[in-house]
Amino acid sequence: MPYDFDKPVNRRDTHSMKWDVKEHELPMWVADMDFQTAPEIRAAIQERAAHGVFGYSVVPEEWYQAYMGWWERRYGFSMEKEWLVFCTGVVPAISSMVRKLATVGENVLVQTPVYNIFFNSIVNNGRNIVENPLQYDGNGYQMDLEDLERKLSNPQTTLMILCNPHNPVGRIWSRWVSCAGNIM
Ligand SMILES: Cc1ncc(COP(=O)(O)O)c(C=O)c1O
């Protein structure tokens, strides 16, 4: 199945947060894709919509198999079905994890600059933010591992949210994560 990532689609007047803006405004601040969703996905949504009844749903077995199979095929990583919890988005998942894994008043570490909603999911749940600033060395951003170790050694810092790929620095962290002045 060929996928077309170049076909321009007019998104104005579709209640698009990105494109329902003034005529010459270029809304590049939001990571919202402008190509159409894959034809297989659109066909599946159309088929479901054609059924016409939208009651309460269960998470089907196919969802688990699709998810586990994707990780197995791409990364050779097998996971147990019991590890998976269905969630409607990354942000609700992060908020739930902050509530589950850190207690009110504890610290959650993030590597800044980072996607702004990480801050909301920590502060709105009554946890504190601890920043481990990334270091720019003229070529790209590196982790400051000494600062990270020091901050994580605080027993009040019980959770770290790793952003990978990192938004906004545009890095995919490798296993051999590089620290400032030590590019690998
Ligand atoms: C790092 C990061 N996490 C999560 C999201 C949002 O994910 P979702 O829309 O699935 O909640 C974004 C969106 O730009 C992001 O940059």
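The values are calculated or read from the model by the stated rules, or taken from the named source; none is laboratory data. Quantities reported herein were computed from a predicted structural model and do not represent experimental measurements. Methodologically, a virtual Cβ is constructed for each residue, glycine included, from the backbone with ideal geometry; neighbour enumeration extends over all protein chains shown. What goes into the accessible areas is simple: the full protein's heavy atoms, side chains included, and nothing from ligands, DNA or RNA. Shrake-Rupley method; radii C 1.70, N 1.55, O 1.52, S 1.80 Å.
Selection of first residues in segment 158-170 that are more than 17 Å from VAL91 (Cβ to Cβ) and of a type in the set (A, V, I, L, M) and of second residues that are open to solvent by less than 30 Å² (accessible area, probe 1.4 Å) and within 11 Å of the ligand (Cβ to nearest atom), restricted to Cβ pairs under 8 Å at least 6 apart or on distinct chains, gives the following pairs, ordered by first then second residue: MET160/VAL110. Of the residues making up segment 24-60, those that are free of Cβ contacts under 8 Å to residues at least 12 places away in the same chain and within 16 Å of the ligand (Cβ to nearest atom) are PRO27, MET28, TRP29, MET33, THR37, ILE41.
Does ILE117 satisfy being touching a Phe, Trp or Tyr at 6+ places or on another chain (Cβ under 7 Å), within 16 Å of the ligand (Cβ to nearest atom) and either β-branched (Val, Ile, Thr) or open to solvent by less than 20 Å² (accessible area, probe 1.4 Å) (or both)?
Working: touching a Phe, Trp or Tyr at 6+ places or on another chain (Cβ under 7 Å): no; within 16 Å of the ligand (Cβ to nearest atom): yes; either β-branched (Val, Ile, Thr) or open to solvent by less than 20 Å² (accessible area, probe 1.4 Å) (or both): yes.
The answer is no for ILE117.
Among the residues making up segment 16-53, those that are assigned to a loop (DSSP other than H, G, I, E, B) and more than 23 Å from the chain's Cα centre (by Cα) are ASP20, VAL21, LYS22, GLU23, HIS24, GLU25, LEU26, GLY52, VAL53.
Matching residues to (1) part of a helix (DSSP H, G or I); (2) open to solvent by less than 50 Å² (accessible area, probe 1.4 Å):
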| residue | (1), (2) |
| --- | --- |
| TRP63 | yes, no |
| TYR67 | yes, no |
| ARG74 | yes, no |
| MET79 | no, yes |
| VAL85 | no, no |
| ILE94 | yes, yes |
| ARG99 | yes, no |
| GLY105 | no, yes |
| GLU146 | yes, no |
